[in-house]
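The values are calculated or read from the model by the stated rules, or taken from the named source; none is laboratory data. As the structure is a computational prediction, the values presented were derived from the model and not from experiment. Here the Cβ positions follow ideal geometry from the backbone for every residue, glycine too, while neighbour counts run over all protein chains shown. Just the protein is used for accessible areas: all its heavy atoms, side chains included, with ligands, DNA and RNA removed. Shrake-Rupley method; radii C 1.70, N 1.55, O 1.52, S 1.80 Å.
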Amino acid sequence: CSAGSKCLFFKVWAFPEMGRAKGKQGGSQSAPITPPPFDQVSTDSTVPPSTTAMGPFEPALAKGNWDEPLRESRAMAELSEKLGLLERVRHVCQAVSIPLPGVVVVGEQSAGKSSLLENISGVQFPRAQNTCTRMPCVLTMLTDPTVTEPFAIVSMDPGFEGAEKCSISEVEDAISHLTEEHAVSSFISRNAIYVKVVRSEGPQLSLMDLPGVTHNSDQMENIHDVTAGLVEEYIKPEEVVILCVLPATSDFGNAEVIKLARKHDPDGKRTLGVVTKCDDAARMEVSDIVDKVLMRRSMDVQLKLGFHCVVNRSQKNIEDDMARKDLWAKEQELFEKDPRLRALPRDNWGTLGLMEKVARIQASRVDECLPKIRDAVRCKLGEIRDELSVLPAQLKSEADRQSAVDRVLHLVREDLRRRVRAEFISSNPDDKDLAIAPRVADLARGFRDNLREQNPEWLGKDQIDKVEEMIQNYSNGWTVDNLVGAQVFVIIVKRTFVEDGLLQDATDDLVDDIAEHLRGVVANVISLHSDTHGVLMNHLIDKSYDYIGELTQTARDLCGALAEAQQVTSTHHGGYMVKLMDFQKSWLGETAEQGKAMLETLLFGACQGDARAPKLTQEFLLMVEKARDQSQKFAVLETCASLHVYSEFLIEAFVEMVAKLVKFNMVEQLPDKLEERWRADLGVGMLETFFPVDDRLMQRRADLEDKVKKLQDFKDCLAKIRGSATELPPKTSLKRRSKATTRSKPTSRESYPEESEEKDE
């Protein structure tokens, strides 16, 4: 009955290996197997398809029913659902760099790749005498039971955003138009064209057609490097199935696409050879096509997936508008009746068998890649959600904006406080330059060392001569010789440390260095806590620079006044008089060495044993010896010794006061003062300008949310997909199938030990 025939047809079409019987010598019989009577075939859905004795397409072929040859059994329905799920999210996964299984069609120039895709999909691709495929073309075939008329969408966008539907017959022109529009700067473009075909039923899979590997072209000097590079780029992912398209009359072993496939698939577990133009081989007087396809000889290319022969439409067939069903009938007739080609087993020829074989292989790749895909989707969902969490929300109310400002100012203030109090610690070595307290202390130490270095060598001959000259020319003659250096002392201190700007210049440098460091740290902290609000962030940074500039000027003024006050030559430091009194006692030393030791002790103090401490020269010691009998010389040395001792105390005290002034006015109050200044500047009811609606961010958020939704749906569907348990049954010989048909109804695959053994083999 028709119902029974339909049921039988649904059960068996998907298994090409079941339609052949092995001969006694291991060869294949060319005659189709006669199906058993209907009443011997169980219609119970629990019986595995392997218990039937029908080939996948033989009922359709025998009746000439070519219109809808790809109807689905239960197993193929699961496979179709699995592949369809992948195809519907392929563009989303591609956008987030999650590789999915697919089929890449590669071949050399004019090998028949586009014709093969046309034969499989029913979509006509551009043809030309030379290179007709100039851009990668990703063809996605989907099914939708609600579709009454098949349609296609052609676009440069993998998501087909804004693309319009077109009829199947318009696809060729659409591809040509996009090629001319986008392959302008280069004859071969790396940009892909995406074609989606939707019809009510049929296989669901993705086919990627690439420009043929071309060695020479007048249109492009480096065409071989570009085309070969494209092939490698697409076949490298382990998830894809490689269809190497080879003309029947070509040397398979020397085909460059075979070599490239071996490079990235050395085991050949995902490479299938597709042999085109088999009618040419049939017309040749001598041809080893059968040996090459069956890989009989050691010299033949060995692929685990083997080779499959097809016949595509020729240019004349296209001009005659030959339908696919007529082509498939002609193809069957060629392989069944040609004296040479009929030696090929049924599993190795036919477009319909190729479609099923590709689906089977792709299903195997899907099952193998499912764990990796699940992990990739899970990780990518986490990454996208993390990105969403830091994207700024569009604040529409004044309360929301005020809350955002309060949060940012609070975070910035507390962060700066930690850095000011030396509580900031980071595991990143580069962040040490973003601390405040340690770096300001470093700058203060450098400030002190700089002043010490610039302090004149008062006990050196040059300075002693200058002091002696000033006393001789300006202070001598008013009173006794030992009291002539006091005014000279005051003048020299004022001129050296105040009028010549030694203290002021060093102080200005310190203040400027601290201000520069504070600007860098504050800008970094503001960016860290408000980078999602760009306008507010820039405003806060600008205002912080202004305020730090004000603090800098205040510190300059205070430190400048302190520097100017150093012309008042007075000190309450007890150590000053102690050193001078010890200096005078050194005159009473019995020997020159005793005098030298005493002088070094009183003049250089604790630094005496330090290798870096200055040493008294022999020249200075001679001056001391002479001064024993010359009171005026004594006054000169006493003045120089006073300058030496006093200048050290002056510098140490000045450094301490400057460091305190700078820290108090520029550092200690910075976090709180900045917050006060920002709040006064932002005001109330004026925040709208700092939180403008950002169309770019809104679009980014919408895109990420859409990806999260689709990936989450994809993840949920993946959780429901069974893995290898849904793989199609392995190839089984007719003898074993016949045994299987006599058994009682099994409940699991374990009921078929012979089939398991066959699968293991």
Kindly indicate whether any position in the stretch 637-649 is aromatic (Phe, Trp, Tyr), crowded, with 20+ Cβ neighbours inside 10 Å and at pLDDT below 85.
no
Picking from Val184, Val147, which residue would you name as being aliphatic (A, V, I, L, M), at pLDDT 85 or above, surrounded by fewer than 21 Cβ atoms within 10 Å (Cβ to Cβ) and not in a strand (DSSP E or B)?
Val147
Name every residue in the stretch 508-555 that is within 30 Å of Val390 (Cα to Cα), among the β-branched types (Val, Ile, Thr) and surrounded by 14 or more Cβ atoms within 10 Å (Cβ to Cβ), in order of residue number.
Val521, Val522, Val525, Ile526, Thr532, Ile541, Ile548
Which numbered condition in (1) part of a helix (DSSP H, G or I); (2) buried (at least 17 other Cβ atoms within 10 Å of the Cβ); (3) aliphatic (A, V, I, L, M) is the only one that Leu395 fails?
(1)
When the stretch 413-465 is checked residue by residue, the ones that are among the polar types (S, T, N, Q), part of a helix (DSSP H, G or I) and in contact (Cβ under 8 Å) with a residue 60 or more places away in the chain are Gln463
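Condition check ((1) more than 21 Å from Asp442 (Cβ to Cβ); (2) among the aliphatic types (A, V, I, L, M)) across all residues:
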{"position": "Lys633", "(1), (2)": "yes, no"}
{"position": "Val636", "(1), (2)": "yes, yes"}
{"position": "Thr639", "(1), (2)": "yes, no"}
{"position": "Leu643", "(1), (2)": "yes, yes"}
{"position": "Phe649", "(1), (2)": "yes, no"}
{"position": "Phe654", "(1), (2)": "no, no"}
{"position": "Ala659", "(1), (2)": "no, yes"}
{"position": "Met666", "(1), (2)": "no, yes"}
{"position": "Leu674", "(1), (2)": "yes, yes"}
Set Phe664, Phe654: member being in a helix (DSSP H, G or I), farther than 28 Å from Val490 by Cβ and either modelled with pLDDT of 90 or more or among the charged types (D, E, K, R) (or both):
Phe664
Could you go through the stretch 657-673 and let me know if any residue there is surrounded by fewer than 20 Cβ atoms within 10 Å (Cβ to Cβ), of a type outside the set (A, V, I, L, M) and under 30 Å from Lys396 (Cβ atoms).
no
Which of the helices (runs of 4 or more DSSP H) contained wholly in the stretch 274-355 include at least 3 residues that are closer than 20 Å to Leu116 by Cα and open to solvent by 50 Å² or more (accessible area, probe 1.4 Å)?
315-319, 324-337
Quick check on Glu387: is it closer than 30 Å to Arg679 by Cβ and either open to solvent by less than 40 Å² (accessible area, probe 1.4 Å) or out of contact with any Cys (no Cβ under 9 Å at 6 or more places or on another chain) (or both)?
no
Going by the conditions given, is Ile464 modelled with pLDDT of 80 or more and in contact with a Cys (Cβ under 7 Å, 6 or more places away or on another chain)?
yes
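What about Glu221, is it open to solvent by 30 Å² or more (accessible area, probe 1.4 Å), over 21 Å from Gly112 (Cα atoms) and either touching an Asp or Glu at 6+ places or on another chain (Cβ under 9 Å) or not in a loop (DSSP other than H, G, I, E, B) (or both)?
Against the criterion (open to solvent by 30 Å² or more (accessible area, probe 1.4 Å), over 21 Å from Gly112 (Cα atoms) and either touching an Asp or Glu at 6+ places or on another chain (Cβ under 9 Å) or not in a loop (DSSP other than H, G, I, E, B) (or both)), Glu221 does not qualify.
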Phe690 - would you say it is open to solvent by 20 Å² or more (accessible area, probe 1.4 Å), of a type in the set (Phe, Trp, Tyr) and either modelled with pLDDT of 75 or more or farther than 22 Å from Glu387 by Cα (or both)?
yes
Would you mention how many residues in the stretch 254-270 are open to solvent by less than 30 Å² (accessible area, probe 1.4 Å) and either in a helix (DSSP H, G or I) or out of contact with any Lys or Arg (no Cβ under 8 Å at 6 or more places or on another chain) (or both)?
6
I'm checking my understanding of the structure. Among residues of the stretch 72-117 that are assigned to a helix (DSSP H, G or I), at pLDDT 65 or above and of a type in the set (S, T, N, Q), which one is surrounded by the fewest Cβ atoms within 10 Å (Cβ to Cβ)?
Gln94
Taking Gln362 as meeting all but one of (1) polar (S, T, N, Q); (2) open to solvent by 20 Å² or more (accessible area, probe 1.4 Å); (3) within 21 Å of Ile98 (Cα to Cα), write down the number of the exception.
(2)
Among (1) out of contact with any Phe, Trp or Tyr (no Cβ under 8 Å at 6 or more places or on another chain); (2) at pLDDT below 85; (3) of a type in the set (A, V, I, L, M), the one test that Leu395 misses:
(1)
Is there any pair linking a residue in the stretch 394-407 that is farther than 14 Å from Thr689 by Cβ to one that is open to solvent by 40 Å² or more (accessible area, probe 1.4 Å), with Cβ under 7 Å and at least six apart or on different chains, and which?
Gln394/Val693; Gln394/Met698
Return yes or no: is Ser189 touching a residue at least 60 places away in the same chain (Cβ under 8 Å), open to solvent by less than 30 Å² (accessible area, probe 1.4 Å) and polar (S, T, N, Q)?
no
Please find, among Asp406, Asp367, the residue that is acidic (Asp, Glu) and open to solvent by less than 30 Å² (accessible area, probe 1.4 Å).
Asp367
Matching residues, the stretch 540-574, being under 30 Å from Arg407 (Cα atoms) and among the acidic types (Asp, Glu)
Asp542, Asp546, Glu550
